[in-house]
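Visitor: Before we start, here is the structure in question, set down as structure tokens.
The values are calculated or read from the model by the stated rules, or taken from the named source; none is laboratory data. Fair warning: this is a prediction, and the values are worked out from it, not measured in the lab. Virtual Cβ from ideal backbone geometry, glycine too; neighbours counted across all protein chains shown.
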Amino acid sequence: MKNTILTSFAFILFCSIGMSATRVVGTRPGLMMRVPMTSTNQSPYLFRAGFGTEFHNFNPMNTAKGVYFDMELKRGFSFGFSSVQGGDTTSLGLLGESLLTPPIEFGFHFQKKVYTYNDISISVGLQDVVFTTDPSSTELLSINTQLLSAFAVLGSEKNLGEYKFNTYMGFGTGGIAPSDTIEVIDSLKATKSGVFLGFLFKTPYLEKWGGLDIVDEFDGTGVNVGLRIPLTSDYRLNLGFTHLDKLPEWAVRYWPGHPGFTVGFDMVVPRKDKASISAQGPSGGLLPGYNSSNDFTVPMHLDSTLSLADLAVSTLRDSMSLMNNEMRNMMIRLASVEQKKLFLNDSLKAITLKQNVAENNMNEAMRHLSKSLRYFYAGDYREALKEVDLALELNPNMALAYARRGSIYYKLGDVQRATINWNLALRLDPEYDDVRNILKALHEDRLKSTSIFEEE
């Protein structure tokens, strides 16, 4: 891409070309009057065709007129063709007697988009590759290299609510508009370059047909203003004035850069093939209810009513799809909540069951300890030991059971086992003072079979 830009700029700088003397407003590709334009979006139409007329004098009538055709191909390449006939350049005082017939020119125009970033785009191109009908030549058509023009244009597209404001600025060899060939005759042979500036203000008026456009531009030699008025979605009337700054000289003389009243008409064929385009009217204006932030695209149709209906259906379909997705997400979230609820219920049941089992085991263990106490008082130490062991199987963390088993072992004469069980009881319950006293008495060798073993 960089090589393409550098090559184009080098070509622009080194070309030695003059100014077209018969540039009719609107006959170059694009939506402006005389200056080039560029856009980040693909053209919404398959091709555009029409005619433009400049009225330079009404009495006697003196006009410049032309027809044109242009289209945007793939990869940002645009092509245009025009056929124009300039006005009579005879002195204004002799215009009514003039027999001059201006030659017909056939021009070709080429443009390539080389860079886009967000709402910025840059294009380069060649304009006015002109073949002229020259009566003095034996050839039917001869190429006029002095009319060739190369340019580079930078475009910016901004959305202002319902409005859209486009700015185009650039430069090109020889300028853009016709020169004053009466006052500057010798300059046509010199290398010339010029700058241009254009504004395209898209409004929401007549929006259902693409919107009313206001055009304002400086074409290198003068200021042009115009209106692009939609008649239908596919037809547009173009009105304007060229070189407003020279209007005081309207009735003084005529030259190719003379101010003029312009009338034009164009038609477009919207794209409706495989590709889809953004919601734009044939002139580049946005269709009703849409702005540049809309992500989805719709196919264009010849009938604007069908296009709007298709947009409404597409919008409704997308809305229903979003609602279905939202409902599906809500159902998934609800299922997740239900699963969490079931998990919590199961956990609560498990905790309750564990508590119940623990309470039942404790109650059963206490019954066995109660039996062991009766056997202990009856002197049946073996049966008492069995009951204590059963209690410890149900609840192995009962300090009282270990203390009682220690007392039973002591009665059976097994001091070592008794000591072990008493220590276990004290480890489970460090505040068990009775067991601590027994171990102290055992250590001091003063332990006797007294009421110290009669646990309650």
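Residue-wise test of (1) of a type in the set (F, W, Y); (2) at pLDDT 80 or above; (3) under 27 Å from the mean Cα position of the chain (by Cα).
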| residue | (1), (2), (3) |
| --- | --- |
| G66 | no, yes, no |
| E72 | no, yes, yes |
| S83 | no, yes, no |
| G87 | no, no, no |
| G93 | no, no, no |
| L100 | no, no, no |
| I104 | no, yes, no |
| N118 | no, yes, yes |
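Visitor: Restricting attention to segment 182-219, which residues are modelled with pLDDT of 80 or more and assigned to a loop (DSSP other than H, G, I, E, B)?
Guide: Within segment 182-219, T203, P204, Y205, L206, G210, G211, L212, D219 qualify.
Visitor: If a residue must be among the basic types (K, R), crowded, with 22+ Cβ neighbours inside 10 Å and in a strand (DSSP E or B), how many such residues does segment 22-71 contain? Give the steps one after another, and end with the answer.
Guide: Initial filter on segment 22-71 (among the basic types (K, R)): 23, 28, 34, 48, 65.
Narrowing the set further to residues that are crowded, with 22+ Cβ neighbours inside 10 Å leaves 23, 28, 34, 48.
If we keep only those that are in a strand (DSSP E or B) too, we end up with 48.
Of the residues in that region, 1 qualify.
Yes/no matrix, rows are residues, columns are (1) among the acidic types (D, E); (2) free of Cβ contacts under 8 Å to residues at least 12 places away in the same chain:
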{"position": "L212", "(1), (2)": "no, no"}
{"position": "D219", "(1), (2)": "yes, no"}
{"position": "T232", "(1), (2)": "no, no"}
{"position": "T242", "(1), (2)": "no, no"}
{"position": "E249", "(1), (2)": "yes, yes"}
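Visitor: With out of contact with any Asp or Glu (no Cβ under 8 Å at 6 or more places or on another chain), surrounded by 14 or more Cβ atoms within 10 Å (Cβ to Cβ) and without any contact (Cβ under 8 Å) to a residue 60 or more places away in the chain as the only criterion, which of L424, L394, L353 stands out?
Guide: On the way: L394 fails: out of contact with any Asp or Glu (no Cβ under 8 Å at 6 or more places or on another chain); L353 fails: surrounded by 14 or more Cβ atoms within 10 Å (Cβ to Cβ).
Result: L424 is the single residue among L424, L394, L353 that is out of contact with any Asp or Glu (no Cβ under 8 Å at 6 or more places or on another chain), surrounded by 14 or more Cβ atoms within 10 Å (Cβ to Cβ) and without any contact (Cβ under 8 Å) to a residue 60 or more places away in the chain.
Visitor: Moving on. How about segment 353-376: which of its residues are of a type in the set (D, E, K, R) and within 60 Å of the chain's Cα centre (by Cα)?
Guide: Kept after step one, since they are of a type in the set (D, E, K, R), are these residues of segment 353-376: 354, 359, 364, 367, 371, 374.
Within segment 353-376, just K354 meets the criteria.
Visitor: If you scan segment 72-91, which residues turn out to be in contact with a strand residue (DSSP E or B) (Cβ under 7 Å, 6 or more places away or on another chain) and either exposed (fewer than 15 other Cβ atoms within 10 Å of the Cβ) or not in a loop (DSSP other than H, G, I, E, B) (or both)? Don't jump to the end; show me each part of the working.
Guide: Narrowing segment 72-91 to residues in contact with a strand residue (DSSP E or B) (Cβ under 7 Å, 6 or more places away or on another chain): 72-73, 76-88.
Passing the criteria: E72, L73, G76, F77, S78, F79, G80, F81, S82, S83, V84, Q85.
Visitor: Of T40, T63, T53, which residue is in contact with a Ser or Thr (Cβ under 6 Å, 6 or more places away or on another chain) and closer than 15 Å to G226 by Cβ?
Guide: On the way: T40 fails: closer than 15 Å to G226 by Cβ; T63 fails: closer than 15 Å to G226 by Cβ.
Answer to the selection: T53.
Visitor: Working only within segment 26-72, note down all residues that are in contact (Cβ under 8 Å) with a residue 12 or more places away in the chain, aromatic (F, W, Y) and over 19 Å from F106 (Cα atoms).
Guide: Within segment 26-72, the subset in contact (Cβ under 8 Å) with a residue 12 or more places away in the chain is 26-57, 60, 62-72.
From what is left, the residues that are aromatic (F, W, Y) are 45, 47, 51, 55, 68-69.
Hits for segment 26-72 are Y45, F55.
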